[in-house]
1. Would you tally the residues in segment 136-161 being within 16 Å of residue 178 (Cβ to Cβ), out of contact with any helix residue (DSSP H, G or I) (no Cβ under 9 Å at 6 or more places or on another chain) and without any contact (Cβ under 8 Å) to a residue 60 or more places away in the chain?
2. Can you tell me which residue among 118, 78 is assigned to a loop (DSSP other than H, G, I, E, B), surrounded by fewer than 20 Cβ atoms within 10 Å (Cβ to Cβ) and either in contact with a Leu (Cβ under 7 Å, 6 or more places away or on another chain) or at pLDDT below 95 (or both)?
3. Show the residue pairs that are 6+ apart or on different chains and have beta-carbon atoms under 6 Å apart, the first residue being within segment 186-210 and assigned by TED's automatic domain parsing to the domain that holds residue 253 and surrounded by fewer than 17 Cβ atoms within 10 Å (Cβ to Cβ), the second being assigned to a helix (DSSP H, G or I) and among the small types (Gly, Ala, Ser).
4. Tell me whether segment 255-277 contains one or more residues that are of a type in the set (Asp, Glu) and closer than 15 Å to residue 217 by Cβ.
5. Please count how many residues of segment 237-249 are over 22 Å from the mean Cα position of the chain (by Cα) and either surrounded by fewer than 20 Cβ atoms within 10 Å (Cβ to Cβ) or among the basic types (Lys, Arg) (or both).
6. How about segment 227-248: which of its residues are of a type in the set (A, V, I, L, M) and either closer than 11 Å to residue 196 by Cβ or not assigned by TED's automatic domain parsing to the domain that holds residue 199 (or both)?
7. Are there any helices (runs of 4 or more DSSP H) wholly within segment 217-331 with 2 or more residues that are at pLDDT below 95 and within 30 Å of residue 119 (Cα to Cα), and if so which?
Amino acid sequence: MPPHCQAVNRYVNLIGLMMTIFASYLIIPQIDRLQMRNYLSLPLFPKFFWLLCLFNIAYGQQKRNYPIIDVHMHAFPANWLGKHSISFCEGHVTEYLPANKPMGFNELLNCDEVISGATDSIIMHKSFQMMKKYNIIKAVTSGSKMNEWKKANPDGIISSLMFLLSDKISPDSVRTIIKRDSIKVIGELGPQYEGLPADAPAYEPYWALAEELEIPVGIHLATGPPGGFLMGFKAIRGAAGNPLNLENVLVKHPKLKVYVMHAGWPWIDNMLNLLYLHPQVYVDISYINYMLPKEEFSLYLKRLVGAGFGKRIMWGSDQMIWPESIKAAVESVKSAKYLTEVQKKDIFYNNAVRFFNLNMN
């Protein structure tokens, strides 16, 4: 080969090597960084052919449409909060909290970033559109419109029963509803909204029933709506959201399957403690994945994953009357550079299949 061609070939090899190193960090961890030694021994044309394949793989990973199971969705009516077309402030809701001022959702969430559906039908169909767009193949769904959603989308909706003690639904009634409506999950349980801890004696018959029927339970343990007390949730108490309040329940009912909704935010240390001691407990990252500032959500999720609990974290949207919130909730995980592809797949899909014992064949 002429000297000038040799020089060009050396530069091409160097550029190709640099491009390969860069591209290899974009693709899934399971690929063995292209076995660099073998790559360097390839002739010029195969090198660039292999490089082109690599970038196609990398691009495909970035555009990947992950299969997703939403473990926390609601089928609420459009007037759930007493007024239609209520907006919320995605990712920075805390910035809109006035100091010691009575308010409602409309006064607080006034940034007009995402608007609720005007009718029940719009909310349902828009939610289904978002499910299709983001490849959400199943959604654990509760709320007063749940049976209507299930009828409209029987393959996509997993029926879940949501109630409070104030609803005055007895354990026997819960048993009847579970059988009648083919309920697969109990949740969202919300003792915190009643100022009660998870181990309140009044909830004991329901925990016992769930263990007896081997039905998973999702419980709200976190905070609640921002400024919740001033917004009309008069009984809500922050201390009642402590995840460790669930411990006595787990000790008394060791066969109970529970997932802590909203991952117990902001009680990260107590949440890790509970996960460490009780392996039957999972968490979902709903609501916090679109309502918290991205930095705060990332720090919280990093702590959960970094502590070794990546196999017990499930994705949820907590879609209420804002179907567009699903987009931000998906992107919060999909765009997380600190998560591997395996971890993303687990959070989006695999962990939920395992926890709910789903037959996805």
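The values are calculated or read from the model by the stated rules, or taken from the named source; none is laboratory data. What you see is a predicted model, and the numbers here were worked out from it, not measured in a lab. Note that each Cβ is placed from the backbone with ideal geometry, even for glycine, and that neighbours are counted across all protein chains shown.
1. 2
2. 118
3. Pairs that qualify, where the first residue is assigned by TED's automatic domain parsing to the domain that holds residue 253 and surrounded by fewer than 17 Cβ atoms within 10 Å (Cβ to Cβ) and the partner is assigned to a helix (DSSP H, G or I) and among the small types (Gly, Ala, Ser), are 195/240.
4. no
5. Adding up the residues that qualify gives 4.
6. 235, 236, 239, 240
7. 288-291
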